[in-house]
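One structure is given below, encoded as structure tokens.
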Amino acid sequence: MELSQLKPSRGSRHAKKRVGRGQGSGWGETCGRGVKGQKSRSGSHIPAGFEGGQMPLFRRLPKFGFRSRVSLLGRNRYNVFKVGDLSRFNEGDEVSLETLRERGFTIRRKCRKGVKIIGGGDLTVKGLRLKVNAISSSARAKIEELGGSVEII
């Protein structure tokens, strides 16, 4: 077989529908747009949420709540991991952003502040050396109890 002999599989390709080319084509006159109305006109565009002049739903519903602009800027955006998650590591390993990524942990880009360890779960691995951006007091206690060390970077 040569490149010149290749062709798409049967039924995978079809001709573009040419509308407005006479009654015999089946798509003549109204060309599938129906009869009259806003959507039948040329150049018609209906914005999202438009309800034909009726007051749109997003304007009818009451507005409530408040979101601080500080939270929108992502003030406390850490990749948060539990102490129990660190059981993937071996005894005496170093835990940092890079090593977490290598071990298959999900590191989100929008979390620009780095890594934070919290005290959920049980730690079974001894002697871990952590280099993280933040850590809770309960997590620090669990790690140091097993002979590990914590360095805030």
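Taken together, the values in this text are just the output of simple stated rules run on the coordinates, not laboratory data. Remember, it's a predicted structure, so these values are computed and weren't measured experimentally. Counting neighbours? That spans all protein chains shown, and the Cβs are built from the backbone with ideal geometry, glycine included.
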>> On the basis of being part of a loop (DSSP other than H, G, I, E, B), aromatic (Phe, Trp, Tyr) and over 24 Å from the mean Cα position of the chain (by Cα), does Phe105 make the cut?
In response: no
>> Exactly one of these conditions fails for Gly84: (1) in a helix (DSSP H, G or I); (2) touching a helix residue (DSSP H, G or I) at 6+ places or on another chain (Cβ under 9 Å); (3) not hydrophobic (A, V, I, L, M, F, W, C). Give me its number.
In response: (2)
> Consider Ser25 against the criteria (1) in contact (Cβ under 8 Å) with a residue 24 or more places away in the chain; (2) surrounded by 10 or more Cβ atoms within 10 Å (Cβ to Cβ): it satisfies all of them except one. Which criterion is unmet?
Replying inline: (1)
